[in-house]
Structures are given as structure tokens and as C-alpha cells.
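Taking it in order: structure first as C-alpha cells, then the write-up.
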Amino acid sequence: MKTHFFPLVFLLIFFLAQGLNPKCAIQDHGSNLQVFHVYSPCSPFKPSKPLSWEEDVLQTLAKDQARVQFLSSLVAKKSVVPIASGRQIVQSPTYIVKANIGTPPQPMLMAMDTSSDAAWVPCTGCIGCSSTAFDFAKSTTFKTLGCQAAQCKQVPNPTCGGSACAFNMTYGGSTIAGNLSQDTITLATDPIPNYTFGCLQKTAGSSVPPQGVLGLGRGPLSLLSQSQNLYQSTFSYCLPSIRSPNFSGSLRLGPSGQPVRIKYTPLLKNPRRPSLYYVNLIGIRVGRRIVDIPPSAIAFNPSTGAGTIIDSGTVFTRLVEPAYVAVRDAFRRRVRVANVTSLGGFDTCYSVPINAPTITFMFSGMNVTLPQENLLLHSTAGSITCLAMASAPALNVIANMQQQNHRVVFDVPNSRMGVARERCS
């Protein structure tokens, strides 16, 4: 009982200090973590004043677009960015988990990102950081890594002016700087000693994220690589719908407790960006009819980076233009409402009630059929309904709205990803 008492006290103090409901301080158990939407009642990152539905949609779209452009730019580059690749999370920190860092443990909220290997948190004394910082001086297990450490070679452009392995990265109009560090990170009740992460010392710019980043990609400094003995590079999540009152889903780490009855599709690897979770999308169905999409629009091409990825940080699914136009037009034909309007980047909106068809993503070995709740955005008053998809420049991205209320399993040792319907909230 004693071992669980102190983390719970720290957690309770943390949530009270953030002005959040003490009910949010429920402890995670085993290797299962609660997943919160960034706008949930348990998140200190929700807007200080409620946005109107239109403002919320337009703001999310703008952030989403920046993330998709960044993901598209990644596939053409040959670098693996383990620390501070959270620039994509910067744009859209949609889902967060609680982690305890240090000894004694300090509770931190970290953005969960399948397309990043990043691991970093704002640290005490950080200039420009805007949220609760990790007080490394109070941790008896904290250490800063020196330039001779093997991990320092995995950081892009490390600087070694002093004894610490430091990084300083610029992206867009923002920069982040910090030291490569190690400490014990505890996820649910699993301690991971000597976990390597970036301890932020300075941030500048409007797009810097307030919380830490927990990278779930396949790179050398991701959670999967650093906890291989514990979790065997296997995890799953169930993302709650933003419409649910609790906003709470789960992140399940390790092979234990994963669904038995589930269909899988192979994970593909792009040598230019090995961290990203590519899958083989072979077709899309609107209702019962397969849409006529040019094969090149969905084909996996490791030399160009084209293809389809599964991503937890993008909100709305993006398809490259030929694929999106074909799906959108098929959707419009099925809806049979002449008056189609637009809202921001959504070009298929209706101001009258509609009877929408399902959309099925057809992957090698499995189909995922999405009901209306994964496809349509409804205004608060119910007067506007939009198809929650848009076009992308170079990469198809299956995003988190389309994954909500599904258990998505990443089984990296067997190079496969599974999807099963599950009520997450």
C-alpha cells in the first residue's frame, strides 16, 4: 500500500495545483495508462475560454494542416530525429498521458505521438516554457548525459560546449534548446530506469508545446526502443471520442492484454523515415461501392515517401488530392443533397440533415469500416454537418478522429498493425 500512496499524493497535489477536478487523479494500473483528450476536463491545456464550434474547427484545421505538411516533408528527408521532432506535436497535441519522472516521482503530462521518436519535458528554469516543469534538482536518479554518451550521436546537431550533450533546434518561427538527460520514468506502475530524454532549458516562438512529448515511433530513442525488454515493442491505444463526457481512453503497453480476436495488416518501412507507421492501403469503399482511385495515389513508394501512415497526432484524415476528390465525389453522390457548402479546409458541408454512407478503408488483410461518428463533424446546434476529411500534399494520413473508439494495436516485432472496434470512453 505504501508504494502506491506517495505517487497518488503527488498526483492529487498536481491536479489540484492545475485547478483540475481531483477525480482526474485516478491512478493508472499495471501497464495501462489513461489517455486524455487535450480539451478534456482533466487537461490543463484546454482553452481558458470556450471556443465557438466554428472557431474550434478552424483552429484545429490550421494546426492540422501544419502537422500534415511537416509529416509530408519528413518522408523526403533521410534523417531520423529522435529529440525535438515534436515539432509536429507542437501543431496538434491531441492526446496526452500521465507519466511520473524522477525519484521521488514528479507527475508530468506528455503528448502521445506515434510519428515521433521525441522524448522531452520542460525543466525547471526553462526560459519560455509555459507549463509545469520537471524539477530535476529534486530527483536523486537524474543525470545529464555527456558528449561521449552513445545517445548523443542520435541527436541531430548536438553541441558540446560544456560537459553536457546539448541540442538546439529551429523550426518554423520557433526554437527549443535543452540537454540530453536520463532519469527513471514510470508509466502506470512500470518504472523504466535510465530513460533518455531532452530536458528543455529554453523555448522561443508561438508554436512551442506546453507539455512534454512521448514518442511512440520506431526510432532508437523512442519509448519502444528504450523499453524493449519490458514491452517487447508492442502497444495499443483506444482513443476516446471528443464528444464523450469523460474524454478518457487508454494506452496499453506490452503484448499482455492485447485483443485476441483482431485482424492485422502488415506494417511497411520507409528507409527515409523508418519511425513512421506505414500501411498498405489498397482501396476505399463509400457505402458498398469501391471508389475508382488512381493506383499511384495510394501506392507505397519508399523512394519518394508516398503512401499511407497511421498517425495519432493529426486530427482529420488527409488523402492526396486524386484520392480525396474521388472519395469526396462518391460521398456527395450518395448523400444526394445539392446544396454543398464549405467551412475552412472542409469542402463538403451541409446545412440540412443528411443520411451519410459508411466509408471503408481497405488494407492488405483487413478492412476498417467507419460509421458516421468517425466521419462527420456536427456543429453544437446541429445546423452544420461536414465530412471530416481533406486533401493532403504528398502523404495519406489516417488520423485520430477516424481512429476514435477503435483499439489500434502496433505489434512491431511481427511488423503488423491491428484494428478492432471498441468503445473507448
Check on Asn339, assigned by the TED database to the domain that holds Ala392, over 30 Å from Ala188 (Cα atoms), open to solvent by less than 60 Å² (accessible area, probe 1.4 Å) and assigned to a loop (DSSP other than H, G, I, E, B): no
Restricting segment 163-187 to residues that are assigned to a loop (DSSP other than H, G, I, E, B) and at pLDDT below 75, the residue that is surrounded by the most Cβ atoms within 10 Å (Cβ to Cβ): Gly172
Some residue of segment 140-150 being within 23 Å of Arg272 (Cα to Cα) and open to solvent by 50 Å² or more (accessible area, probe 1.4 Å): yes
Only listed residue being of a type outside the set (S, T, N, Q), within 15 Å of Phe363 (Cβ to Cβ), surrounded by fewer than 23 Cβ atoms within 10 Å (Cβ to Cβ) and under 19 Å from the mean Cα position of the chain (by Cα), chosen from Gly307, Gly283: Gly307
Filtered residues of segment 240-259 (kept if among the hydrophobic types (A, V, I, L, M, F, W, C), under 16 Å from His406 (Cβ atoms) and modelled with pLDDT of 90 or more): Leu251
Residue list for segment 373-396, restricted to those being within 18 Å of Cys238 (Cα to Cα), touching a strand residue (DSSP E or B) at 6+ places or on another chain (Cβ under 9 Å) and not in a loop (DSSP other than H, G, I, E, B): Asn374
Tally of residues being surrounded by fewer than 21 Cβ atoms within 10 Å (Cβ to Cβ) and either at positive phi or not hydroxyl-bearing (Ser, Thr, Tyr) (or both) across segment 389-405: 3
Restricting segment 260-274 to residues that are out of contact with any helix residue (DSSP H, G or I) (no Cβ under 9 Å at 6 or more places or on another chain) and part of a loop (DSSP other than H, G, I, E, B), the residue that is farthest from Gln404 (Cα to Cα): Pro271
Among residues of segment 406-425, those that are small (Gly, Ala, Ser) and open to solvent by less than 10 Å² (accessible area, probe 1.4 Å), counted: 1
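The values are calculated or read from the model by the stated rules, or taken from the named source; none is laboratory data. These numbers come from a predicted model, not from an experiment. Every residue, glycine among them, receives a Cβ derived from its backbone with ideal geometry; neighbour counts consider all protein chains shown. SASA here: full protein model, heavy atoms, side chains in, ligands and nucleic acids out. Shrake-Rupley method; radii C 1.70, N 1.55, O 1.52, S 1.80 Å.
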